[in-house]
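Enquirer: One structure is given below, represented as structure tokens, and several questions about it will come after.
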Amino acid sequence: MITSGKTTAEALGTEVEEAPEGELAQAIQGRSPWQLAFDRLRHDRVAIGASVAIVLIAAMAVFAPLAAAITGHGPDAQNVPPTGLPLAPSLKYPLGTDELGRDLLVRIFYGARVSLLVGVVAAAVAATGGAVLGIVAGYFGGVVDTLLARVFDVVLAMPYLVFAIALFTALNGQGGITLDIAVIAFFSFGAVARIVRGQVLSIKEKEYIEAARSVGSSSLRIMFFDIAPNVAAQVIVYFSLLVPSSIIFEATLAFLGIGVQPPTPDWGSMLSDSVQYYQVAWWYVVFPGVALLGTTLAFNLLGDSVRDALDPRYNRMLRG
């Protein structure tokens, strides 16, 4: 039996350390799901490693002109070898050259600009557009939902690569960064929209949504002030996973010669040009390939970590 004047901890023989009132209040202070997710990410070694890799890749893109100045080779500066074959790595060309004698190190740095710009912007446009259309479809339902849902189905069912080839062929193969972003975003928003639509169909029946309607809140306010924050986690997770797929999509278009046009440095076009030299110039294939693989892998790992951190059923113990 617990005697009067003693705490439960004392009755059980447990020592309780006295803490200052301010520290105790801070220790028991509630935290939002976003704070909990951030704490999980801070203690996730995979997320930290992937973030460091992404920062380094972004630094490559930002400091590409500095790399060109240090090496003394611009991204399009040609020094055609007498043999007509790419030059092997050396002090002058740390990663070797392509068949035109252009420095691969500098071109890979500049290629990071294209990949990151297209990947991040296309993913952001797709995630934002898909979220808005998904909220509209799920909230209004009826004819609006039916029409938009069929649009999502058509977009998801279209063979995106065939459509992209046909589009660029109609434009005489004249692609560009803006067109790449538009094509990639168009074929990516449908999946986001379907996920958000399904969430909204469930959320709009909740009590707090009914309460918002009862006090006269407009549909626009309910959709983007009451519903949107509750689907933000899913959109963020899908955005983080869309970035690497967008980078691969862009590299595929460039590999096929229908994306960013030469002489703009691009990892996909480098891989395409290296195909006929892979037996005599391994560096021409390996280094652009490693850059593309490392970038997509880093974004995928970070996306997986973000997904786990935002999952309310994720119960991993924090360390550190």
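The values are calculated or read from the model by the stated rules, or taken from the named source; none is laboratory data. Computed from a prediction, not measured in an experiment: that's the story for all the values here. Here the Cβ positions follow ideal geometry from the backbone for every residue, glycine too, while neighbour counts run over all protein chains shown.
Enquirer: Examine the stretch 195-203 for a residue that is within 26 Å of residue 269 (Cα to Cα) and of a type in the set (S, T, N, Q), and state whether such a residue exists.
Expert: Within the stretch 195-203, none of the residues are within 26 Å of residue 269 (Cα to Cα) and of a type in the set (S, T, N, Q).
Enquirer: Across the stretch 99-158, what is the total count of residues that are in contact with a Ser or Thr (Cβ under 7 Å, 6 or more places away or on another chain), hydrophobic (A, V, I, L, M, F, W, C) and outside any helix (DSSP H, G or I)?
Expert: 0
Enquirer: Whether any residue in the stretch 42-63 is crowded, with 17+ Cβ neighbours inside 10 Å and more than 24 Å from the chain's Cα centre (by Cα) is what I want to check.
Expert: no
Enquirer: Residues of the stretch 207-228 being out of contact with any Asp or Glu (no Cβ under 9 Å at 6 or more places or on another chain) and either of a type in the set (Gly, Ala, Ser) or not in a helix (DSSP H, G or I) (or both), which ones? Before you say what the answer is, go through the steps one by one.
Expert: Just the residues of the stretch 207-228 that are out of contact with any Asp or Glu (no Cβ under 9 Å at 6 or more places or on another chain), to begin with: 207, 210-211, 213-216, 218-228.
211, 214, 215, 216, 218, 219, 228 - these are the residues of the stretch 207-228 that are out of contact with any Asp or Glu (no Cβ under 9 Å at 6 or more places or on another chain) and either of a type in the set (Gly, Ala, Ser) or not in a helix (DSSP H, G or I) (or both).
Enquirer: Is it the case that residue 31 is among the basic types (Lys, Arg) and at pLDDT 90 or above?
Expert: Here the answer is no, as residue 31 does not meet what is asked.
Enquirer: Among the residues of the stretch 253-277, write down those that are outside any loop (DSSP other than H, G, I, E, B) and closer than 15 Å to residue 115 by Cα.
Expert: Within the stretch 253-277, 253, 254, 255, 267, 268, 269, 270, 271 meet the criteria.
Enquirer: Quick one: which of 120, 143, 155, 136 is exposed (fewer than 13 other Cβ atoms within 10 Å of the Cβ) and under 30 Å from residue 225 (Cβ atoms)? Even if it seems obvious, please write down each step before you answer.
Expert: Working: 120 fails: exposed (fewer than 13 other Cβ atoms within 10 Å of the Cβ); 155 fails: exposed (fewer than 13 other Cβ atoms within 10 Å of the Cβ); 136 fails: exposed (fewer than 13 other Cβ atoms within 10 Å of the Cβ).
Testing whether each residue is exposed (fewer than 13 other Cβ atoms within 10 Å of the Cβ) and under 30 Å from residue 225 (Cβ atoms) leaves just 143.
Enquirer: Only one of these conditions is not met by residue 278: (1) more than 22 Å from residue 56 (Cα to Cα); (2) modelled with pLDDT of 90 or more; (3) not basic (Lys, Arg). Which number is it?
Expert: Checking residue 278 against (1) more than 22 Å from residue 56 (Cα to Cα); (2) modelled with pLDDT of 90 or more; (3) not basic (Lys, Arg), the one that fails is (2).
Enquirer: Taking the options 177, 209, name whichever one is surrounded by 15 or more Cβ atoms within 10 Å (Cβ to Cβ), within 30 Å of residue 117 (Cβ to Cβ) and either modelled with pLDDT of 90 or more or out of contact with any Gly (no Cβ under 8 Å at 6 or more places or on another chain) (or both).
Expert: Details: 209 fails: within 30 Å of residue 117 (Cβ to Cβ).
Result: 177 is the single residue among 177, 209 that is surrounded by 15 or more Cβ atoms within 10 Å (Cβ to Cβ), within 30 Å of residue 117 (Cβ to Cβ) and either modelled with pLDDT of 90 or more or out of contact with any Gly (no Cβ under 8 Å at 6 or more places or on another chain) (or both).
Enquirer: If residue 161 passes every condition in (1) loosely packed, with under 14 Cβ neighbours inside 10 Å; (2) in contact (Cβ under 8 Å) with a residue 24 or more places away in the chain; (3) within 25 Å of the chain's Cα centre (by Cα); (4) within 16 Å of residue 253 (Cβ to Cβ) but one, which one does it miss?
Expert: (1)
Enquirer: Which count do you get for residues in the stretch 257-290 that are crowded, with 23+ Cβ neighbours inside 10 Å and either among the small types (Gly, Ala, Ser) or free of Cβ contacts under 8 Å to residues at least 60 places away in the same chain (or both)?
Expert: 3
Enquirer: Further question: In this structure, does residue 58 turn out to be under 23 Å from residue 298 (Cβ atoms) and either assigned to a helix (DSSP H, G or I) or of a type in the set (D, E, K, R) (or both)?
Expert: yes
Enquirer: Does residue 217 satisfy being among the polar types (S, T, N, Q) and buried (at least 22 other Cβ atoms within 10 Å of the Cβ)? Full working, then the answer.
Expert: Working: among the polar types (S, T, N, Q): yes; buried (at least 22 other Cβ atoms within 10 Å of the Cβ): no.
No; evaluated as a whole, the condition is false for this residue.
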